[in-house]
Amino acid sequence: MIPERLLTFAVPAALLAVALWALAVEEPFTITLATRAAILALAAVGLNIALGIGGLVSLGHAVFFGLGGYAMGILAHHAQTYTTLDLGPLSISGSKSMPLIWLVAVAVSALAALLIGLLSLRTSGVYFIMITLAFGQMFYYFAISWSSYGGEDGLSIYVRNGFPGLNTLDPIQFFGLCFALLCLALLLYARLRAAPFGLALNAARQVPARVETVGLSPLRLKLLAFVISGAITGLAGALFADLNRFVSPTMFSWQLSGELIVLIVIGGVGRLTGPVIGACLFVLLEHWLGALTEFWHIWLGVILLGIVLFARGGIVGLLTGKAGPHV
Amino acid sequence: MTLLKLEGLTARYGASQALIGVDLEVGAGEVVALMGRNGMGKTTTVKAICRMIPSEGRLSLDGQDLHPLPSHRVARLGIGLVPEGRRCFADLTVRENLIAAARPGDWTQARVTALFPRLGERLTQRAASLSGGEQQMLAIGRALMTNPRLLILDEATEGLAPIVRQEIWAAIAALKREAGLSILLIDKSLRELAGVSDRAVILERGRTVWTGAMADLTPELGERYVGV
């Protein structure tokens, strides 16, 4: 069995190694696949804070992914068309600067997570799942009808946004940027999980009433986790949109929310590297099996079924021989 | 100085009136035993104090009315509860259980493990894998980590082996002697309660029927109201 501590370093190192190998053998498409895996992993690391530590099965995390994407799309659209974004008395010019776009994506996603969380976290179980799903569908249909920004057809961005000192059009440099953000998110996840906040959140998942008796509000703990989770997923959405240079309402779809959950379950719920392993496997299957059959999701379903039935701790659980972080 | 004061406290579960009129006071540094047969309202009184169920009447801590406060705010004011049935955070280790509850104050992980050396030996062990006695020690340690002014122990020795019960009682005595904590104790062991408690309050069918110094609790009263 492999110690989990080793996986913490080995899994991101393997993703980095794939990208560097692709650079060496001049396979830019493989670098793009690695970038896609890193971005999906980043989104799933965000969801893993709410789902893995807090036990919040959110079927609406695509809202934050989509908001991050549209934050990028709208700012870049106004920058490339030399128009301004009019918000009542405010008139804002667009931007092609990634740091600024990320800031907006994180802020908008966090605000949306705060509002959605305030309403949805008063429920639990299947009702929480349904409310988050309902929010996802609201944003999805709103994006479809939002003709100013492409409606159902989405928005195309001609040139990838810029980052100071880097050529983001170079696949390896853009990968490096996404990979660095993924590593930062993993570090944040590890710190949060071990901090009093993360432990209390974990406790609130287990017995909310007992958490109250030690002076903590389960609602506030879960709300903060939901906001941090949404902000990270929103950042991933902005990167995803930049990777594809395209945003569309599908970024808000419930299927995407479901896929993020599937990535985590396959990799290992609440495990640090679970979302990374899940995202890499997802991208590999999508690429390899997708080339053979358009019904490749069937095989993903078979893998998911096998893991749920026979490996409760996901792939990390299989590799470490531990169904949970402390078992 | 009175720390906790209940006067005419009433509470109900739906149509069923569980507390009809509970009067109880716990002074600073005082240990009070809350006694009574099963089903007489002891745990309900604790739940009402901790605002886990709605209640009416007077309920105050250090003069502050607790009724408008949610449960977690009451705990922050300084009421540490060791609930009936332990209920540790099973998926967390011993250390993590303590850290999750920690609030600034004199009680630290080192002080808790000095009180319960067994916990110090099992810091990295999952709470679910501890014995019943160790889980009880952890539940007390977790409550102490909140640095309470009043510690409430609801059936802290129930279902434990005699040797473990002795350890728990020794720890409660140490808390009274060394830490000067105010403690509200619920237990069925009259002999052990008499050893640590200053006063006793007896409940009968949701009402306070006797209050007095522990030394004044005669065997006849014990037989009549507590059945021991």
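Every number in this text was worked out from the coordinates using simple rules, so none of it is lab data. Being a predicted model, the structure only gives us computed values, none of them experimental. Quick reminder, even Gly has a Cβ in these numbers, built from the backbone with ideal geometry, and neighbours come from all protein chains shown.
Scanning the stretch B:180-197 for residues that are under 24 Å from B:Met1 (Cβ atoms) and surrounded by fewer than 17 Cβ atoms within 10 Å (Cβ to Cβ) yields one hit, B:Gly180.
Being of a type in the set (Val, Ile, Thr) and touching a residue at least 60 places away in the same chain (Cβ under 8 Å) is the filter here; which residues of the stretch A:16-51 pass it? Before you say what the answer is, go through the steps one by one.
Here is the first cut: in the stretch A:16-51, the ones of a type in the set (Val, Ile, Thr) are A:18, A:25, A:30-32, A:35, A:39, A:45, A:49.
Once the filter is applied, which keeps residues that are of a type in the set (Val, Ile, Thr) and touching a residue at least 60 places away in the same chain (Cβ under 8 Å), the stretch A:16-51 yields A:Ile31, A:Thr32, A:Thr35, A:Ile39, A:Val45, A:Ile49.
Look at the stretch B:208-228: where a residue is at positive phi and a partner is surrounded by 14 or more Cβ atoms within 10 Å (Cβ to Cβ), sitting 6+ places away or on another chain with Cβ atoms under 6 Å, you get B:Gly227/B:Arg37. Evaluate the following for A:Ala180: is it surrounded by fewer than 17 Cβ atoms within 10 Å (Cβ to Cβ), assigned to a helix (DSSP H, G or I) and within 14 Å of chain B (Cβ to nearest Cβ)? For A:Ala180, the condition - surrounded by fewer than 17 Cβ atoms within 10 Å (Cβ to Cβ), assigned to a helix (DSSP H, G or I) and within 14 Å of chain B (Cβ to nearest Cβ) - is not met. Considering the conditions (1) under 25 Å from A:Gly314 (Cα atoms); (2) in contact with an Asp or Glu (Cβ under 7 Å, 6 or more places away or on another chain), A:Leu263 is excluded by exactly one of them, (2). In the stretch A:217-327, counting only helices (runs of 4 or more DSSP H) that sit wholly within it, the ones holding 3 or more residues that are over 15 Å from the mean Cα position of the chain (by Cα), surrounded by fewer than 23 Cβ atoms within 10 Å (Cβ to Cβ) and within 14 Å of chain B (Cβ to nearest Cβ) span A:218-244.
With respect to B:Leu81, is the statement that it is within 14 Å of another protein chain (Cβ to nearest Cβ) and within 23 Å of A:Pro208 (Cβ to Cβ) true? Write out each step before concluding.
Values: within 14 Å of another protein chain (Cβ to nearest Cβ): yes; within 23 Å of A:Pro208 (Cβ to Cβ): yes.
So B:Leu81 fits the description; yes.
Selection of the stretch B:63-74 for residues being facing chain A (nearest Cβ under 9 Å) and either in contact with a strand residue (DSSP E or B) (Cβ under 7 Å, 6 or more places away or on another chain) or over 23 Å from B:Gly41 (Cβ atoms) (or both) yields B:His72, B:Arg73.
Restricting the first member to the stretch A:264-278 and to residues that are without any contact (Cβ under 8 Å) to a residue 24 or more places away in the chain and closer than 18 Å to A:Arg36 by Cβ, and the second to residues that are basic (Lys, Arg) and part of a loop (DSSP other than H, G, I, E, B), no beta-carbon pair is closer than 9 Å while six or more apart or on different chains. The number of residues in the stretch B:84-110 being more than 23 Å from B:Leu61 (Cβ to Cβ), more than 7 Å from chain A (Cβ to nearest Cβ) and under 21 Å from the mean Cα position of the chain (by Cα) comes to 8.
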